[in-house]
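Trainee: What follows is a single structure, and I will ask about it in a moment.
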Amino acid sequence: MKTLLADIVAIPVDDPIAFTFFTGYMAMLAASVFFFVERGSVEGKWKLSLLVSALITGIAAVHYFYMRDYYLATGQNPTALRYIDWTLTVPLMCVEFFLLTRPAGAKIGLMWKLIVASVWMLVTGYIGEAFTDGSTGHSVLWGVLSTLGYVYVLYTAWVGEVAQLAKQSGDPVVIRGIRTLAWFVLVGWAIYPIGYMCMPGGWLNTGLGWSSANVDLFYNIADAINKIGFGLVVYNIAVSSKPGK
Ligand SMILES: *C/C=C(C)/C=C/C=C(C)/C=C/C1=C(C)CCCC1(C)C
């Protein structure tokens, strides 16, 4: 009995971070099943987009499974697992932008530019978090460098190539869908820097006294909104755009 109990991972009722790790895990898993199954019922040109949506939430679900355990066992932020997850899933979100605008003429170079910008954003963010000396200088320097990559993706989605290609598609569903995804990047993705600034030395940590435990609370909420939300927008485009091409 003792050994059995030791293997049970319990979620304390007064720990919102553990709660969101578990809820996030289940929600991502359910979303993956949904996107994967629905892939079978959308028009051919959208099938790959739905598969990528399922991969994004699927990869996240597996990471959440491990991150929840790591957090419950150590009480620490699972920084490395978190960034491994993002390094796989955020570039896949860039692939989604490419796939959705490809019928309107998007070139593969667009995809690579977005991937490079997002990987830059994540590598610099990782240095900021994982190698912190607890100082504000370190947090701000790497946070600002990371934000450059974020701004590039934001610009591309709102006014740059992605926005222009969406317009060229002439399909109101694609135009509206891409605009909604751009809103996700502007509002949903902006939750991450808030979490980042809770880390030791971060502005919200030193300025408002927010605990570094909140880093994961913000990241978990943001992940659920962005990964599942992104996928639902893609699904909506796939089921409501006009058939053909
Ligand atoms: C599914 C995971 C997603 C959509 C992750 C997105 C992550 C970001 C937009 C992170 C951005 C950051 C900054 C803009 C500055 C501070 C460091 C980061 C990495 C938290």
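The values are calculated or read from the model by the stated rules, or taken from the named source; none is laboratory data. Predicted, not measured: the structure shown is a model, and the values here were computed from it. Note that we place each Cβ from the backbone using ideal geometry, even for glycine, and neighbour counts take in every protein chain shown. Just so you know, the surface numbers come from the protein's heavy atoms only, side chains and all, with ligands and any DNA or RNA stripped out. Shrake-Rupley method; radii C 1.70, N 1.55, O 1.52, S 1.80 Å.
Trainee: I'm trying to understand the selection: among the residues of segment 171-191, which are in contact (Cβ under 8 Å) with a residue 40 or more places away in the chain and closer than 24 Å to THR57 by Cα?
Mentor: VAL173, VAL174, GLY177, ILE178, THR180, LEU181, PHE184, GLY188
Trainee: Quick check: anything in segment 211-224 more than 15 Å from PRO78 (Cα to Cα), open to solvent by 20 Å² or more (accessible area, probe 1.4 Å) and either in contact with a Lys or Arg (Cβ under 7 Å, 6 or more places away or on another chain) or not aliphatic (A, V, I, L, M) (or both)?
Mentor: Within segment 211-224, one or more residues are more than 15 Å from PRO78 (Cα to Cα), open to solvent by 20 Å² or more (accessible area, probe 1.4 Å) and either in contact with a Lys or Arg (Cβ under 7 Å, 6 or more places away or on another chain) or not aliphatic (A, V, I, L, M) (or both).
Trainee: Consider ALA182 carefully, then state whether it is in contact with a Lys or Arg (Cβ under 9 Å, 6 or more places away or on another chain), more than 11 Å from the ligand (Cβ to nearest atom) and not in a loop (DSSP other than H, G, I, E, B).
Mentor: So ALA182 does not fit the description; no.
Trainee: Tell me which residues, restricted to segment 74-114, are aromatic (Phe, Trp, Tyr) and open to solvent by 30 Å² or more (accessible area, probe 1.4 Å).
Mentor: TRP112 - this is the single residue of segment 74-114 that is aromatic (Phe, Trp, Tyr) and open to solvent by 30 Å² or more (accessible area, probe 1.4 Å).
Trainee: Can you tell which of LEU114, LEU122, LEU100 is closer than 22 Å to TYR192 by Cβ, away from the ligand (no atom under 11 Å from the Cβ) and touching a residue at least 12 places away in the same chain (Cβ under 8 Å)? I'd like the intermediate steps shown before the answer.
Mentor: On the way: LEU122 fails: away from the ligand (no atom under 11 Å from the Cβ); LEU100 fails: closer than 22 Å to TYR192 by Cβ.
Exactly one residue qualifies, and that residue is LEU114.
Trainee: Take segment 140-164 and flag every residue that is within 12 Å of the ligand (Cβ to nearest atom) and more than 18 Å from the chain's Cα centre (by Cα).
Mentor: VAL140, LEU141, TRP142, VAL144, LEU145 - these are the residues of segment 140-164 that are within 12 Å of the ligand (Cβ to nearest atom) and more than 18 Å from the chain's Cα centre (by Cα).
Trainee: Is it the case that ARG68 is touching a residue at least 12 places away in the same chain (Cβ under 8 Å), within 12 Å of the ligand (Cβ to nearest atom) and among the basic types (Lys, Arg)?
Mentor: So ARG68 does not fit the description; no.
Trainee: For segment 193-238, enumerate the residues that are within 10 Å of the ligand (Cβ to nearest atom), in contact (Cβ under 8 Å) with a residue 60 or more places away in the chain and over 14 Å from GLU96 (Cβ atoms).
Mentor: Scanning segment 193-238 gives TYR196, MET199, GLY202, VAL215, TYR219, ASP223, ALA224.
Trainee: Looking at GLY137 and the list (1) near the ligand (Cβ under 10 Å from one of its atoms); (2) farther than 23 Å from ILE84 by Cβ; (3) of a type outside the set (Ser, Thr, Tyr), which single condition is not satisfied?
Mentor: (1)
Trainee: Consider segment 211-235. How many of its residues are out of contact with any Ser or Thr (no Cβ under 8 Å at 6 or more places or on another chain) and either modelled with pLDDT of 95 or more or in a helix (DSSP H, G or I) (or both)?
Mentor: Result for segment 211-235: 10.
Trainee: Taking the conditions exactly as written (modelled with pLDDT under 95, over 17 Å from GLY195 (Cα atoms) and either surrounded by fewer than 20 Cβ atoms within 10 Å (Cβ to Cβ) or in contact with a Ser or Thr (Cβ under 9 Å, 6 or more places away or on another chain) (or both)), does ALA60 satisfy them or not?
Mentor: no
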